[in-house]
Amino acid sequence: MKKWNLIIDVERCHNSNNCFLSVADEYMGNDHPGYSTAMPKHGHHWINILRNERGQAPMVDVSYVPTMCNHCDDAPCIEAAKNEAVTKRPDGIVIINPDKAVDQKQIVDACPYGAIWWNEEKAVPQAWTFDAHLLDRGWKEPRPVQACPTGALRSVLIEDSDMQKRVEDEGLEVLHPEYGTKPRVYYKNLNLYSKCFVGGSVIADIAGVEECIEKAFIVLTKEGSKIGETWSDAFGDFKIDDLDPGSGDYEIEISHPDHSSKTVSVALGDSIYIGTVKF
């Protein structure tokens, strides 16, 4: 059977907050019987956007990661709930029944992602329902997908086997795979949030003037093994990404046919800009 999945491209997310706002507009003050009770005016972020800043000036980037209920196939909230207050539909969507889940705060505590929120006034756990009530009325996609101005969010209704192929073809990842919950929310370019980079700039003294060096060849090695390679751009800048935080000592070898080679040692904690390297 075809099931719903959400794909989020971190590279495309510009923090417009349209996804968050569309959910607030749909649920704040609005009951959807059988699906959800109204979201409170304050305190809930059913779609919560994480932010990560990497590097140092002048080489800095910022990434944004929208997070929400992952509609896990092995959802801990289902196990923690009593009286079948939380169920998974055949189309993959997890629903917290707003009537059966009253006073069951353990459902909130069961979610390792912190994606379930406690409505103090109504004493009920709540999470984003994938807009199941709209999909059941014939909508082709949930509102956050519709509202995203950059196309960072995509919803897909496909067979699990086809989704697995898409995961492999597009290099998709899930948050915290070590939790073992089998999320149905996938991320593309998650390394922009979870990994580190090493960057720098290459210059040389040419006829008494310091010039940016384009097409210098940069090789990053660790304990003698090549980890990555790239070329400097027209401004002499280079960046090698997708490195593990706190992964220790690296060597950066910089070469150019018109100049002598240079080697720089770096200890990687977080993303680092090593400054200018002068031939």
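The values are calculated or read from the model by the stated rules, or taken from the named source; none is laboratory data. The structure presented is a predicted model; accordingly, all values stated were derived computationally and were not measured. Reconstructed Cβ throughout: ideal geometry from the backbone, glycine too, with neighbour counts over all protein chains shown. The protein model used for the area step is the full one, side chains on, heavy atoms only, and it has no ligands, DNA or RNA in it. Shrake-Rupley method; radii C 1.70, N 1.55, O 1.52, S 1.80 Å.
Quick look at the values:
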| item | result |
| --- | --- |
| Dipole magnitude (debye, nearest 20) for region 189-279, charges at Cβ of Lys, Arg, Asp, Glu | 100 |
| Helix-only [θ]222 nm of the chain, DSSP H runs n ≥ 4, -39500 (n - 2.57) each, per residue, nearest 500 | -3500 deg cm²/dmol |
| Choice from Pro112, Pro183, Pro125 with maximal GNM fluctuation in the chain (Cα, 10 Å cutoff) | Pro112 |
| Rounded, prolate or oblate (a/c below 1.5 giving rounded, otherwise prolate when a/b exceeds b/c) for region 131-184 by Cα gyration tensor | prolate |
| In degrees, nearest ten, helix 18-27 long axis to first principal axis of the chain (Cα) | 10 |
| Volume per residue that the Cα convex hull of region 13-78 spans, once the total is divided by residue count, Å³ | 133 |
| Lysines with Cα under 24 Å of Lys41, excluding same-chain neighbours fewer than 8 positions away | Lys100, Lys105, Lys122 |
| Ellipsoid semi-axes in whole angstrom, largest first, where each is sqrt(5λ) of the Cα gyration tensor of the chain | 46, 18, 17 |
| Size of charge dipole - the chain - debye, nearest 20, with Cβ of Lys, Arg +1 and Asp, Glu -1, no other charges | 840 |
| Chymotrypsin sites (Phe, Trp or Tyr not before Pro) within region 78-168, DSSP loop, no more than 16 other Cβ atoms inside 10 Å | Trp139 |
| Protein accessible area in the chain, 1.4 Å probe - carbon and sulfur % | 47 |
| Lys pairs under 26 Å by Cα in region 140-245, provided they are eight or more residues apart or on distinct chains | 17 |
| Where Rh is the Kirkwood radius over Cα pairs, Rg/Rh for region 46-108 | 1.23 |
| Cα-based helix-to-principal-axis angle, 160-170 vs the chain, degrees rounded to 10 | 20 |
| Of all DSSP beta bridges in the chain, antiparallel share, percent nearest 5 | 85 |
| Cα-based convex hull, region 76-160, per residue volume (Å³, whole number) | 131 |
| Cα Rg, Dmax, region 20-141, angstrom units | 15.8, 56 |
| Accessible area per residue, Å², region 103-167 with all protein chains present, probe 1.4 Å | 48 |
